[in-house]
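Visitor: Would you mind keeping the following structure in view while I ask a few things?
Just so you know, all these numbers are worked out from the coordinates, no wet-lab data involved. Note that this is a predicted model, so its numbers are computed, not measured. Here the Cβ positions follow ideal geometry from the backbone for every residue, glycine too, while neighbour counts run over all protein chains shown.
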């Protein structure tokens, strides 16, 4: 098979870029016994206050079945509370506990320091450009790209 795709592998490059970034923070999370996904959920809750699981899925880019397991483990760790929504017992609000608020107060300064170290190493111009480019790419998700015609 002698076929070559002329474009670079953009999904793979984005995956490698993500790994480059998250590897800078993974030691902090590991030190506190958290996974990347657990930290994403806790960070959203720290910034937002309370949220429904479907909102957490959207904000954290985590599929619902995975979110169910993450919330279960965070609950077992004593890091989240679940409260039924008034008027609709099928819905639930997730919030931080005192334990997770304390944990966040320990982690956040370290995360902020790591961001500063990254910026010092890579340069503030590059970091600003990365943010701009990624935000532009995300905004383009509103523009529907015509799919290739699949063989029948």
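Visitor: Determine, for each peptide in 39-50, 74-85, 131-142, 58-69, the mean count of other beta carbons within 10 angstrom over its residues, then list the peptides with the highest first. Could you put the intermediate results ahead of the total?
Guide: Working: 39-50: 17.9, 74-85: 15.2, 131-142: 9.3, 58-69: 13.3.
The most tightly packed comes first, giving 39-50, 74-85, 58-69, 131-142.
Visitor: Report, in degrees rounded to the nearest 10, the 0 to 90 angle that the Cα long axis of helix 124-139 makes with the longest principal axis of the chain.
Guide: Around 90 degrees separate the two axes.
Visitor: Helix 36-48 versus the longest principal axis of the chain: what angle, 0 to 90°, nearest 10, using Cα atoms?
Guide: On a 0 to 90 degree scale, this one is about 60.
Visitor: Take the alpha-carbon centre of the stretch 118-152, take the same for the stretch 44-110, and report the distance between them in whole Å.
Guide: 28 Å
Visitor: Something else: How much mean residue ellipticity at 222 nm does the chain get from its helices, if each DSSP H run of length 4 or more adds -39500 (n - 2.57) and you divide by all residues, to the nearest 500 deg cm²/dmol? Working shown, then result.
Guide: Numbers: 6 runs with 97 residues, N = 152.
That calculation yields -21000 deg cm²/dmol at 222 nm.
Visitor: Subtracting the Cα-Cα distance from 0.36 nm times the residue separation, let me have the gained length for residue 146 to residue 125 in nm, one decimal. List each step's numbers first, then the result.
Guide: On the way: separation 21, 0.36 × 21 = 7.56 nm, distance 3.41 nm.
Once the chain is fully extended between residue 146 and residue 125, it gains 4.2 nm.
Visitor: Please give the length that would be gained between residue 3 and residue 72 if that part of the chain were fully extended, namely 0.36 nm times their separation in residues minus their C-alpha to C-alpha distance (nm, one decimal). Please report the intermediate quantities before stating the final value.
Guide: Numbers: separation 69, 0.36 × 69 = 24.84 nm, distance 4.63 nm.
Here the answer is 20.2 nm.
Visitor: Quickly work out the residue 52-to-residue 102 label distance, labels modelled 7 Å from Cα along the C-beta direction, and quote it in nm with one decimal.
Guide: With each label placed 7 Å out from Cα toward Cβ, I get 3.3 nm.
Visitor: How fast does the stretch 108-152 diffuse by Stokes-Einstein, in µm²/s, taking the Kirkwood radius from C-alpha pairs at 37 °C and 0.692 mPa s? Mind showing how you got there, number by number?
Guide: On the way: Rh = 13.4 Å.
Answer, rounded: 245 µm²/s.
Visitor: Tell me, what does the Kirkwood hydrodynamic radius of the stretch 28-68 come to in angstroms if you use every pair of distinct C-alpha atoms?
Guide: 10.5 Å
Visitor: Could you state the per residue volume, in Å³, of the convex hull enclosing the Cα atoms of the stretch 55-136? Display every interim value, and only then the final one.
Guide: Numbers: hull volume 11.2 nm³, N = 82.
Convex hull volume per residue, Cα atoms: 136 Å³.
Visitor: Identify which of 99, 16, 72 has the largest mean-square fluctuation in a Gaussian network model of the chain, with springs joining Cα atoms closer than 10 Å.
Guide: The residue with the greatest mean-square fluctuation here is 16.
Visitor: Can you give me the angle between helix 10-31 and the longest principal axis of the chain, using Cα atoms only, in degrees from 0 to 90, rounded to the nearest 10?
Guide: It is inclined by approximately 30 degrees.
Visitor: For the chain, what relative contact order do you get, as a whole percent, if you take Cα pairs closer than 8 Å and at least 6 residues apart?
Guide: 20 percent
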